[in-house]
Each structure stands twice: as structure tokens, then as C-alpha cells.
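So the structure is just underneath, and the comments pick up after that.
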Amino acid sequence: MGNTKTTVAAPSWISDFKEITKMRLSISVVFSSLVGYLLGVDVIDFKILGLLALGGYFMVGASNGFNQIIEKDLDALMERTKNRPVPSGRMSVNTAFIISSIFTVLGIIILYSINKQTAMFGAISIFLYTCAYTPLKTKTPLAVFVGAIPGAIPFMLGWVAATDDFGIEPGTLFALQFFWQFPHFWAIGWFLYEDYKKAGFFMLPTGKQDKGTAVQTIMYTIWTILISIIPVFGFTGTLQLSIVAAILVFAVGIWMLYYAIRLFKLMSVKAARQLMIVSVSYITLVQIIYVVDKFIR
């Protein structure tokens, strides 16, 4: 019987640990950082790459953990979040706080070992996500704007880790991921509108699933596309794109724009969900194209 209990308890604890740090989301964010590093580096240092991945995961995991502590009562009201470790009671607030605090300290120390600027931007990210974005979600739709700042930091963080410098190149990477987040999160806010409403979260720019929100989603998608091809014109320092890569990036952007326009036409939960899925594919493909283009150019 003792062996049976151990077998059941361990996977449950591991599952809760992964959920409190939102492992899949954290890994996707770390991927952005690694792409930024590959774009900025001349010679790949796999030690730095490993430190960036580990430190980045700790920082994102800490942000997610603090977020779930702060929102535990609101998470309990929503279907998609009520079974998270803290609101469900499987993990105490103290345990979640200890995990998040340890992750914060380790994350900053690891990123600091790369360079000071990387640690600074990592610390800014966790502060804005926890202390600004999270409390604003129940106050104003501008929370998405505030949240887009820490959400855009990882892409440029990788460049800063590679170069110990912040200039036009990481600024462009930041801008790309910053504007991309609006159609992405508005799509999520649309198809989860009723669930968010239970907790009083303001995620849509107009507060409603209306034409105004759909139009803004289209506009920010267009801005994202335009920013994504800027490197082909040679205005962004050493961050460059070949004509072929720019065409591919533009084509992927048009694909995402199609689904943004489709949301405007259909005004449906299904269309919003499809846009969300396409937006994730979009940012991943664009980042891959950027890296591949750099190393074959």
C-alpha cells in the first residue's frame, strides 16, 4: 500500500509544480529568449544558452506563481482556472510563495551571471507582471498594454544576453513581440469572455465582443506585420533579413491577418479561438525564419 501511495502522490505533486509555474507557457517564453540570443550572438556559447534557458524559466515561473497567489480567489470563480493548485487547495499559499520566491532569487542570480543588463530586464519583467499587470486586470482593459511589456521582454532579453547591449536591434525584437500580443490576447479574451467575466477581468479593448475590438485586433495585426519586415530595409543595425526571409515573414503575417479579418466578419468564439492558435504559430514561425535566415545568409 505504501508503494501505491508514493506512486500516486509523486505525479500529482509534479503536476501541481508544473501548473503553478505554467510550464508550457514558460517554455514558450524561454524559446523566445533563446531565439533572441541566437540572433544576437556571433559565436554560440552553449553555457550562456543554458543559463539563459534556466534563468528565464525561473523568472517566468516565478511570475506565474505570484500571479496565481494574487488571483487565487478569482481563479476559483472561473472554469479554466478553478482546478489550479492554489484555488483548489492542493497547494497552500505559503508553499506557492516559497516556490515563487526561490525561483525569483535563482532567476536573478543566474541571469546576473550572464550580465547585469539581462538580470535587470528579467527583474523588471517579473515586477511589471506581478505588481502592475496582475492587479490591473480587474480595473481596466489597459492591463493588456501593461502586460505586453513584460511579455515582450524575453525576445529582446536573449539579444541583451548575447551582446550586453540594448540598442535598435533588441528594441525591434521587443516591438515585434509587444504588438503581436494584442491580437493574441484579445483573441483569448474573446473566446474566454464569459469565463473572464465571472472574475471581473477586463481583457478586451472595448470591454465587449464587438466590432470595435475586432477592428483593433486587425490594426494591431497589421502593425505586427509591418514591424516584422523592418529589418529587410537595413534600418535595424545588425538585425537584418534577406528579401526571401522578409517575403516569408510577410506571408505568415498575411495568414494571421486573414484570421483577424475572419474574426471581424464572423464575430464568433470559434473564429477567436482559431486566431489565437494561428497567432501562436505565427510568432513561432517568424522567430524560426529570423534564425534560419541569419545562419544561411
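The values are calculated or read from the model by the stated rules, or taken from the named source; none is laboratory data. Here the structure is a predicted model, which means the values were calculated and not measured. All Cβ positions, glycine included, derive from the backbone under ideal geometry; neighbour counts span all protein chains shown. Please note that ligands, DNA and RNA were not included when accessible areas were found on the heavy atoms of the full protein model with its side chains. Shrake-Rupley method; radii C 1.70, N 1.55, O 1.52, S 1.80 Å.
Structural remarks
- For Gly107, net neighbour charge (Lys/Arg +1, Asp/Glu -1) across residues whose Cβ lies under 15 Å away: +2
- Met156 accessible area, assembled protein chains, probe 1.4 Å, Å²: 10 Å²
- Relative contact order of the chain, pairs being alpha-carbon contacts under 8 Å that are 6 or more residues apart, as %: 18 percent
- Here the Kirkwood formula, the inverse mean of 1/r across different C-alpha pairs, assigns segment 31-112 a hydrodynamic radius of 14.1 Å.
- Under 5 Å between amide hydrogens, built in the peptide plane, is the criterion, and for Phe201 it picks out nothing among residues at least 5 positions away or on other chains.
- Set of lysines near Lys208 by C-alpha distance (under 21 Å), chain-local residues within fewer than 8 positions excluded: Lys137, Lys139, Lys197, Lys198, Lys265, Lys270
- Cα-based Rg of segment 81-219 normalised by 2.2 N^0.38 Å, two decimals: 1.20
- Å² per residue, accessible surface of the chain at 1.4 Å: 47 Å²
- Trypsin sites (Lys or Arg not before Pro) within segment 76-133: DSSP coil, no more than 16 neighbouring Cβ in 10 Å: Arg80, Lys82, Arg90
- The 1.4 Å probe gives accessible areas that order Thr206, Thr140, Thr134, largest first, as Thr206, Thr140, Thr134.
- Among residues other than Glu79 with Cβ under 10 Å from its Cβ, the summed charge is +1 (Lys and Arg +1, Asp and Glu -1).
- In sequence order, segment 38-50 has phi-based couplings of 5, 6, x, 8, 8, 10, 5, 9, 5, 5, 5, 4, x Hz under the Karplus curve 6.51 cos²θ - 1.76 cosθ + 1.60, θ = phi - 60°, and Gly or Pro positions carry x.
- The HN-Hα couplings worked out from phi for segment 142-157 by the Karplus form 6.51 cos²θ - 1.76 cosθ + 1.60 (θ = phi - 60°) are 5, 4, 5, 4, 5, x, 5, 5, x, x, 8, 5, x, 4, 7, 4 Hz, whole numbers, x standing for Gly and Pro.
- Evaluating 6.51 cos²θ - 1.76 cosθ + 1.60 at θ = phi - 60° for every residue in segment 236-249, the Karplus couplings come out as 10, x, 7, 7, 10, 10, 6, 4, 4, 5, 4, 5, 5, 4 Hz, glycine and proline recorded as x.
- Estimated 222 nm signal from helices in the chain, with DSSP H stretches of n ≥ 4 weighted -39500 (n - 2.57), rounded to 500: -26000 deg cm²/dmol
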